[in-house]
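The values are calculated or read from the model by the stated rules, or taken from the named source; none is laboratory data. Quick caveat: nothing in here was measured; it's all calculated off a predicted structure. Cβ placement follows ideal geometry from the backbone for every residue including glycine, while neighbour counts extend to all protein chains displayed.
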Amino acid sequence: MKKKVLLVGFKVKEYEIPLEMGYVKAALQKYASIKIKYFDIDTEEKPISDFLRKSDSDTIIWFTDNLINSNIFTLKLALKILSGMDTGKELFIQSYKIDKKLAREILAENDFVNGIIRGEPENNIKELISGMELSNIQGITYRKGNNIVSNRIIEIWDLGSLDSPYLNKSIDPLTYIDYCFAYISTSRGCLFDCFFCDRSNRFNSIRYFPVERILEEIRFLWNKGVRRIIFTDDSFITNQLRFKDLANKISKMNHIKIKFVCMVRQEFLNDENIKLLKMMNMKEVCIGIQTTNPNILNSMNRSFDSGRYEKMIRLLDNAGIRKNIDLILGLPGDDLEGFKRSLENCTKANPDEIRVMKLYIHPKTIGHFKEENIVFDKSRLDRFTPIIKSSKSFSEDDLNKAISHLIKIREQGFNIKLIPEIHSNE
Ligand code: SF4
């Protein structure tokens, strides 16, 4: 008889779909009977624990990540709910964001958790469900006698070996959101290594899904009624030849009128690539500038050329592509004046939107901030995603002044969005 597995997690934002769980369900369908349960973050604890208690599953895997967002800050709440229950089932926690140290802490403090699934979840959960010895399962942290042991993470080299959650009908995006859009990953990983970014720690290398399979997913989603697709890649353009091939092939699917959205690094937004984006019907790009402070950019081997930036915004504008710029408030080494200059440099070219988020730090990036005397805001989120309250270069007062400055600039008519879960006073 097939093992029964329940994949469970919180839906934090209205536009999230459990794509991560969909990949796992697609990978496991032959081996187990898989159910997905996505609880709205506002759901009270009792209905969740009642549901879990009544579930006929043998194994519960609580997901704290999806490919779009990390919701690791929900982990504390999940552990609280699970701690009061005696489900009699095996219980695992999944997260890209949990490193070995944190995994050990979680297991030491929560004896009801059987193990932590780190790294890409498809293969290690398959190994778990097929009954492999814990000591042989990649990327798992578990108890062995009195010890807590962490196995090595092995990345999935051939992404084409993963079944598509859409094509094999593991998830239907339209059951999770009210409007007709879906997400597609064309790659995993990021070429860059920005020290503040947890995404650069999530995968070691960049790998790609086969182009033909992406086209098939687009066709499938169009036929289901999806009219907008967001590419989840950290940068939609990284490999020029591959991007050209994909963009050309998508633009030839001319009966399909899907509007696309992507994240892309400004380094790749040249004349030729913007034309290709326009051809494939890209309607919106999100560009992570983060800062224009030269000291910080130097430490990341990056630079900011305002002439190039302004040209890029103009080209995107001419192509009819919406431009959203991301900035981070509170980066180590930045200060009030540096942040104001970054904002001024970005607003000058008049992008459609500037989104500002306070620095938050994940377990895997915390080592980079040791010298910065960072004080975290504990009132808002829990210890798994500390948010900056002050640092060596940015006092609490200056951070508040930066927010007042942003609000003032917004009142002058600029479209500035303060990411709401960070700025609770918004
Ligand atoms: S900030 Fe963007 S480019 Fe830098 S590591 Fe993160 S995802 Fe990659």
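Numbers below:
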read-out	value
Which listed residue, of GLY160, GLY145, is under 27 Å from LYS259 (Cβ atoms) and more than 16 Å from the ligand (Cβ to nearest atom)	GLY160
Scope the range 25-52; condition touching a Ser or Thr at 6+ places or on another chain (Cβ under 6 Å) and either among the acidic types (Asp, Glu) or surrounded by fewer than 19 Cβ atoms within 10 Å (Cβ to Cβ) (or both); matching residues	TYR31
Counted residues, the range 1-56 - those being closer than 18 Å to GLN94 by Cα and of a type in the set (Gly, Ala, Ser)	5
Test set (1) of a type in the set (A, V, I, L, M, F, W, C); (2) part of a helix (DSSP H, G or I); (3) within 24 Å of the chain's Cα centre (by Cα) - ILE98 fails condition number	(2)
Single unsatisfied condition, ILE206 versus (1) closer than 24 Å to ARG308 by Cβ; (2) in contact with a helix residue (DSSP H, G or I) (Cβ under 7 Å, 6 or more places away or on another chain); (3) crowded, with 16+ Cβ neighbours inside 10 Å	(2)
Among the candidates CYS180, CYS197, residue that is touching a Gly at 6+ places or on another chain (Cβ under 7 Å) and within 22 Å of PHE236 (Cα to Cα)	CYS180
Lone qualifier among LYS37, LYS30 - being over 24 Å from the mean Cα position of the chain (by Cα), more than 19 Å from ASN114 (Cα to Cα) and in the same structural domain as GLU122 (by TED's automatic domain parsing)	LYS30
Within the range 180-272, strands (runs of 3 or more DSSP E) holding 1 or more residues that are without any contact (Cβ under 8 Å) to a residue 40 or more places away in the chain and either away from the ligand (no atom under 12 Å from the Cβ) or closer than 25 Å to LEU167 by Cβ (or both)	259-263
Residue check, MET300 among the aliphatic types (A, V, I, L, M), modelled with pLDDT of 95 or more and farther than 16 Å from LEU418 by Cα	no
In the range 284-342, residue farthest from SER404 (Cα to Cα) [restricted to those that are among the acidic types (Asp, Glu) and touching a residue at least 24 places away in the same chain (Cβ under 8 Å)]	GLU284
Meets criteria (more than 23 Å from TYR15 (Cβ to Cβ) and hydrophobic (A, V, I, L, M, F, W, C)) for ILE171	no
Every residue from the range 273-311 that is in a loop (DSSP other than H, G, I, E, B) and within 16 Å of the ligand (Cβ to nearest atom)	THR291, THR292, ASN293, MET300, ASN301, ARG302, SER303, PHE304
Scan of the range 310-324 for residues that are buried (at least 18 other Cβ atoms within 10 Å of the Cβ) and over 23 Å from MET279 (Cβ atoms), ordered by number	none
The listed residue being surrounded by 15 or more Cβ atoms within 10 Å (Cβ to Cβ) and either touching an Asp or Glu at 6+ places or on another chain (Cβ under 8 Å) or part of a helix (DSSP H, G or I) (or both), out of ILE81, ILE61	ILE81
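Here's the yes/no breakdown for (1) among the acidic types (Asp, Glu); (2) under 23 Å from LYS2 (Cα atoms):
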{"site": "ASP99", "(1), (2)": "yes, no"}
{"site": "GLU109", "(1), (2)": "yes, no"}
{"site": "LYS126", "(1), (2)": "no, yes"}
{"site": "TYR166", "(1), (2)": "no, yes"}
{"site": "LEU174", "(1), (2)": "no, no"}
